[in-house]
Protein chains: 2
Amino acid sequence: MSFLGKLRFKDQTFKLRENAILDATTKLLAAKGFDLITMDDVADEVGLSKPSLYKHFKSKEDLVTEAMIRLVDEALAYLEQQPDTMSPLERLRCLLEWALRVRLGGGMPFLPSTSAHVRAFLTQSLRYVTRALKLHRLLDQVVSDAKRNGELASELPNDVILYSFYSRTCDPAVEYLRLYGKYDDDAIVAHMQSVCFAGIGTRPRS
Amino acid sequence: MSFLGKLRFKDQTFKLRENAILDATTKLLAAKGFDLITMDDVADEVGLSKPSLYKHFKSKEDLVTEAMIRLVDEALAYLEQQPDTMSPLERLRCLLEWALRVRLGGGMPFLPSTSAHVRAFLTQSLRYVTRALKLHRLLDQVVSDAKRNGELASELPNDVILYSFYSRTCDPAVEYLRLYGKYDDDAIVAHMQSVCFAGIGTRPRS
DNA sequence: AAATAACGCTACCGTTTGGTAACTTATAAA
DNA sequence: TTTATAAGTTACCAAACGGTAGCGTTATTT
């Protein structure tokens, strides 16, 4: 095996482990939230010791920031992979479904956390802000297109629609429906989409 | 002044202080969330020392539980004070407005927190669960009435409607609209109500 | 085979935080 | 005036957590 090959192999395992760490972080973040996670939790989950974590990430904040960045990247990738034939409304419906299924599968919402502390250090990460802004601009365009098509409420400002859309991806109703409502994932997704786009009020008869 | 009078006066100040403590707790809960509050924070906010807090509440969990109970009681009181002439839909609209204005004024949502830890100890408090269940049953009845009147989507199960309704009272979109959207409280309330009942999709022309 | 670099881990540190012991002060009764 | 009680505070403890120093082990180079 060549010298370069060896190096690449090392880099590869390093990257793989980094990904495993981010997976564990994501899972724990979804389950317990930032404040209740300890670095020992993450280390145990991925099968390493705490000091080894710090070889990859220089702080807890840094670790969580990277996990959030990866998540936004996944959302961006999902959006870009959508075929051009989809209508703006379909794009949003599918993105919501994707986000909900990630959550139902143990992932976390890509909405910047409700925690003031988390939001503070996320907004200080240029890399995170750049991606979040890119996602926001893309979706803003989709919303504008959808309104022009008559697919979204033109009487609502774009930001109201967008923030509401984001909030549906991390809506606590999902947890409650799963815990107390005994619905399966498909039913939860369907209901959340229904509520998101048509609300809980009376709908026009089709 | 009589002996009894003195005693009553003492009880009175005791109760007043207890209320002040709960006020401070509520305010801090809304601002920072359970995990980031320290008992010293609460003590400072209300102008006492930490050990004095423990004369009133035997633990942090107990303190927060009492604060949540008081909040549910306020919601119950608000519901019961609504005139009989109101339609079920109006009841829900007004309750949502009340909850949103409490939040915008620095209060907190009455939805059992998203935090697993908080939910765990809340559900272990019989007094809390009793009240929460009472509120839930009352609202369930309101939802049923509203559906019968054709004011809410009859194709949605009651629990989907209820959990979605609860979630709107603690919707992070509110924070984002205030932070980045530059809306005043009235506009935020109006938009949140609009989204809650009619969703973000196209509405029927009136 | 010797030297060295990389890696991972145990054991630890400083700080924070929930909770308490015990001292001080003020009040009220006798 | 003296004694007993209640309230409030300072000062502290133990546990948990983020983060690190430094050692042992493996693998790589010469």
Among helices (runs of 4 or more DSSP H) lying entirely in the stretch B:123-187, which contain 2 or more residues that are under 24 Å from residue A:187 (Cβ atoms), in the same structural domain as residue B:82 (by TED's automatic domain parsing) and of a type in the set (A, V, I, L, M)? B:126-148, B:158-169
Under 9 Å between Cβ atoms, which residue pairs at least 6 apart in sequence (or on different chains) link something in the stretch B:127-139 that is within 12 Å of residue B:75 (Cα to Cα) with a partner that is of a type in the set (Lys, Arg)? B:139/B:91
Among the listed residues A:117, A:136, which satisfies the condition of being within 15 Å of DNA strand C (Cβ to nearest atom) and farther than 16 Å from residue A:24 by Cβ? A:117
I'm checking my understanding of the structure. Among residues of the stretch A:149-163 that are open to solvent by less than 30 Å² (accessible area, probe 1.4 Å) and in contact (Cβ under 8 Å) with a residue 24 or more places away in the chain, which one is nearest to residue A:99 (Cα to Cα)? A:162
Please specify each residue of the stretch A:51-66 satisfying the condition of being without any contact (Cβ under 8 Å) to a residue 24 or more places away in the chain and either in a loop (DSSP other than H, G, I, E, B) or more than 16 Å from DNA strand C (Cβ to nearest atom) (or both). A:58, A:59, A:62
Of the conditions (1) in contact (Cβ under 8 Å) with a residue 12 or more places away in the chain; (2) touching an Asp or Glu at 6+ places or on another chain (Cβ under 6 Å); (3) not aliphatic (A, V, I, L, M), residue B:166 fails just one. Which one is it? (2)
Working carefully through the options B:119, B:203, find the one that is open to solvent by 20 Å² or more (accessible area, probe 1.4 Å) and assigned to a loop (DSSP other than H, G, I, E, B). B:203
Surrounded by 14 or more Cβ atoms within 10 Å (Cβ to Cβ), among the charged types (D, E, K, R), more than 26 Å from residue A:152 (Cα to Cα) and not assigned by TED's automatic domain parsing to the domain that holds residue A:136: is that true of residue A:50 in this structure? no
Go through the stretch A:26-38 residue by residue and tally those that are within 14 Å of DNA strand C (Cβ to nearest atom), in a loop (DSSP other than H, G, I, E, B) and not polar (S, T, N, Q). 0
Please determine whether any residue of the stretch B:162-173 is among the acidic types (Asp, Glu) and at pLDDT below 95. yes
Residue set B:41, B:23; condition at pLDDT 90 or above, within 14 Å of chain A (Cβ to nearest Cβ) and in a helix (DSSP H, G or I); output residue B:41
What pairs come up if the first residue lies in the stretch A:9-27 and is under 20 Å from residue A:39 (Cβ atoms), the second is modelled with pLDDT under 80, and their beta carbons are under 6 Å apart, counting only those six or more places apart or on different chains? A:26/A:108
Take residue A:118 and decide whether it is closer than 20 Å to residue B:35 by Cβ, in contact (Cβ under 8 Å) with a residue 12 or more places away in the chain and within 13 Å of chain B (Cβ to nearest Cβ). yes
Residues satisfying the stated conditions in the stretch B:67-109, i.e. surrounded by 21 or more Cβ atoms within 10 Å (Cβ to Cβ) and assigned to a loop (DSSP other than H, G, I, E, B): B:108, B:109
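The values are calculated or read from the model by the stated rules, or taken from the named source; none is laboratory data. Note that this is a predicted model, so its numbers are computed, not measured. As a convention, Cβ positions derive from the backbone with ideal geometry for all residues, glycine included, and neighbour counts pool all protein chains shown. When the accessible area is computed, the model is the full protein with side chains, heavy atoms only, and any ligands, DNA or RNA have been set aside. Shrake-Rupley method; radii C 1.70, N 1.55, O 1.52, S 1.80 Å.
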